[in-house]
Amino acid sequence: MLYALCFLLFMIGLYCALVKKNMVRIVLGIVIMEYAVNILLIMIGFRIGGEAPILSPPQGLPLKTSLQSVDPLPQALVLTAIVISLGSLALMVSICIRTYQRYGTFDITQIRRLRG
Amino acid sequence: MPILFYVLLLFIIIAALIAVETQNLLSSVICIGAAGFGGSLIFLFLKAPDIAITQITVEVLALIILIRATISRDKTFISGDREFFSVIVSVVVVLVLFLIGTRVFDTFPKFGEPAFAVETKTEQTASKHYLTNGLKETGAANIVASVILDYRAYDTLGEATVLFTSILGATVLLRKQAKIKVQT
Amino acid sequence: MNGMTIIVKNISSWIKILIFLFGIYITLFGHLTPGGGFAGGVILASSYILLTLAFGKRVTDENLPLWLASRLDCIGALLFLAISLVGFLFGASFFFYNFIQQKYLAQHASDFHLVSAGTIPLSNFAIALKVGASLFMVFLVLSTFRPGEPAQQE
């Protein structure tokens, strides 16, 4: 059920990217999709009652923590994906600013030359 | 405990819906910021403090970049959808994808019981290896840091390349000297 | 961009040092506590962004101009690549051989220290340099870009 809510969030982003006319709003739809994917990936590795995968000195023994910790592998994947999303967001925003400066609008139906 | 996740996810979904459907572009960007901070909270409660810190800092920078893009533009009130027929087709496609896609989650492991380290299974998965041998082999107490910088550092090198390329594209798109040189 | 009022300037001149120190802490202790190179780099960039927003662009041009930010970006990327390649000198056959840590653990058996993780703090430092410099460079380019200037000439 929680997975389905994440998928609903993804679908809201997809709807926003498909239907809206404003360029910045399409970018916001892509950002919402990134949130949904990140949250879903972290949720798959979650364990009820588990602890964060950071060992502390009195806890010591690493062998015991493999059955008490959450999954560290999706966290490592998502950590890089968040920073990449910021870089791609900067790229998309700069494309939007250039297009606005060239055509004077954010409306993609007004920009004739984008229609192949 | 899962009630907390339901509440936070509903908060994120409501913020996303307001961001999609509101008229003003600036308030839409601010609602995206609310969704991002809710995401940071949900990462914190999902026992991922690394990602919570990264998400909350990245969200501040993303808000600054997005507000820079939207503020001081004349027409920030362009709203409305595309033509009627394409809107209908898009909504139908999205709904059908949602209804089909929810069937996929039946094959997922149950929430709160990850598939990587069930006690009855004896085979050695990658996550179990990282958790049991990570401190001994890399010396890092933070298993996530040992995964992204030692076991799978090649991924991080590729990530650095992707970040470099996207930043390069942004700066090339926004520079202002080149056009002047072409003119003269 | 002349900066904001004197209240904002006074407060941010104190706050920016604390933010910078927090970024360095997050970066260097990324293998023992939550954090790491990515979050630390973004925090370092945000301290300079605060400086730019509060004091205007002229102060930033004296402290960290655009060419220096792009050089730091390249230095961070090359440092990370160098860390991956240096392991070949110590007899490894793959990238990112943790060459310091193998020698260290032969002599000391202690964990949970700043130096106990081999190349991981160095990699964290390189990534923080790269991420912080590149994000600050994007912010600088976005904030100094004035729409309408080159377009009129086309």
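A few points about this structure:
- In degrees, nearest ten, helix A:72-103 long axis to first principal axis of chain A (Cα): 10
- The stretch B:1-71 shape via C-alpha gyration tensor axes, a/c threshold 1.5: oblate
- Legend: residue pairs C:Lys16/C:Lys57; B:Lys47/B:Lys110; B:Lys47/B:Lys128; B:Lys136/C:Lys130; C:Lys16/C:Lys130; B:Lys47/C:Lys130, Cα-Cα distance threshold 25 Å; pairs beyond threshold, B:Lys136/C:Lys130; B:Lys47/C:Lys130.
- Nonlocal amide H pairs with A:Arg47, under 5 Å, H built at 1.01 Å: A:Asp71
- Hydrodynamic radius by Kirkwood, which averages 1/r over all alpha carbon pairs of chain A, in angstrom: 17.0
- Ranked list, fewest to most other Cβ atoms within 10 Å of each Cβ, for C:Cys74, A:Cys16: C:Cys74, A:Cys16
Taken together, the values in this text are just the output of simple stated rules run on the coordinates, not laboratory data. None of these values were measured; they are calculated from a predicted model. All Cβ positions, even for glycine, are placed from backbone atoms using ideal geometry, and neighbour counts span all protein chains on display.
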